[in-house]
């Protein structure tokens, strides 16, 4: 196929992904649906995996890390209830795909990726696609990004043994965090909301993610 034919084919696969995996499984937020329709997921995976980019599964992106299943990305972002004026933190940014989806919806996205090589790759991916409303740092995401806080939403794309206290502190009043917690083989999503006078934690879906690395994760 030439490049134009490839673009048409990827657009078809992306549309099918959204219809079957996203809308078909109950995602209803129109901003999330539009973002998933728009972001070219194949641009965030290694070239060898491009043909599988819209499949219903995670994919390896190198360095022992993965790009999450499309439905899980959409589900977690929907759960933080993103609004156009929001500032959101994404921890475990990997190749930058979830940052791109969020950047289609909110005012500003801060991403943290523990592995410097992946952080640099994510930044290149996003810049090549013309995104400007993001910043990615390479450091311990379990400590959050206090200088940029508070955040209206926090999406943690890696499994932690427990909810990091620093991330709780960086939620704005009314803010919501979605984070998988559990052991290193299986986790459950937790929905953490800052009500201003208290923080509540609600258990959600069973899931499985790569380790959250760092002081309040599974170590370096």
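Taking helices (runs of 4 or more DSSP H) that fall entirely within the stretch 1-95, which contain at least 1 residues that are farther than 30 Å from residue 214 by Cβ and out of contact with any helix residue (DSSP H, G or I) (no Cβ under 6 Å at 6 or more places or on another chain)? Talk me through it step by step, then tell me what you get.
Details: elements: 3-17, 30-38, 70-79.
Once the helices (runs of 4 or more DSSP H) in the stretch 1-95 are filtered for at least 1 residues that are farther than 30 Å from residue 214 by Cβ and out of contact with any helix residue (DSSP H, G or I) (no Cβ under 6 Å at 6 or more places or on another chain), what remains is 3-17, 30-38.
Could you check the stretch 157-183 and list, in sequence order, the residues that are more than 19 Å from the chain's Cα centre (by Cα) and in a loop (DSSP other than H, G, I, E, B)?
Passing the criteria: only 183.
Do we have residue 150 as more than 15 Å from the chain's Cα centre (by Cα) and either at pLDDT below 95 or closer than 20 Å to residue 217 by Cβ (or both) here?
Values: more than 15 Å from the chain's Cα centre (by Cα): yes; either at pLDDT below 95 or closer than 20 Å to residue 217 by Cβ (or both): no.
In short, no.
Could you check, for the stretch 62-71, whether at least one of its residues is in contact with a strand residue (DSSP E or B) (Cβ under 8 Å, 6 or more places away or on another chain) and more than 28 Å from residue 83 (Cβ to Cβ)? Reasoning before the result, please.
Going residue by residue through the stretch 62-71, those that are in contact with a strand residue (DSSP E or B) (Cβ under 8 Å, 6 or more places away or on another chain) are 66-67.
From what is left, the residues that are more than 28 Å from residue 83 (Cβ to Cβ) are 66.
Looking through the stretch 62-71, at least one residue is in contact with a strand residue (DSSP E or B) (Cβ under 8 Å, 6 or more places away or on another chain) and more than 28 Å from residue 83 (Cβ to Cβ).
Please specify each residue of the stretch 190-217 satisfying the condition of being closer than 27 Å to residue 63 by Cα and in a strand (DSSP E or B). Reasoning before the result, please.
Here is the first cut: in the stretch 190-217, the ones closer than 27 Å to residue 63 by Cα are 190, 205-217.
Result: 190, 205, 206, 207, 211, 214.
Return the residues of the stretch 102-121 that are touching a strand residue (DSSP E or B) at 6+ places or on another chain (Cβ under 9 Å) and closer than 27 Å to residue 173 by Cβ; say none if nothing qualifies. Before you say what the answer is, go through the steps one by one.
First, the residues of the stretch 102-121 that are touching a strand residue (DSSP E or B) at 6+ places or on another chain (Cβ under 9 Å): 102-103, 105-115, 117-121.
Once the filter is applied, which keeps residues that are touching a strand residue (DSSP E or B) at 6+ places or on another chain (Cβ under 9 Å) and closer than 27 Å to residue 173 by Cβ, the stretch 102-121 yields 102, 103, 105, 106, 107, 108, 109, 110, 111, 112.
Quick check on residue 92: is it under 13 Å from the mean Cα position of the chain (by Cα) and at pLDDT 95 or above?
Numbers: under 13 Å from the mean Cα position of the chain (by Cα): yes; at pLDDT 95 or above: yes.
For residue 92, the condition - under 13 Å from the mean Cα position of the chain (by Cα) and at pLDDT 95 or above - is met.
Starting from the stretch 165-194, take each residue that is on the phi > 0 side of the Ramachandran plot and list its partners that are crowded, with 18+ Cβ neighbours inside 10 Å and at pLDDT 95 or above, counting only C-beta distances under 7 angstrom and pairs at least six apart or across chains.
Close Cβ pairs satisfying both conditions: 174/194; 182/159.
The values are calculated or read from the model by the stated rules, or taken from the named source; none is laboratory data. Fair warning: this is a prediction, and the values are worked out from it, not measured in the lab. Neighbour counts run over all protein chains shown; Cβ positions are idealised from the backbone, glycine included.
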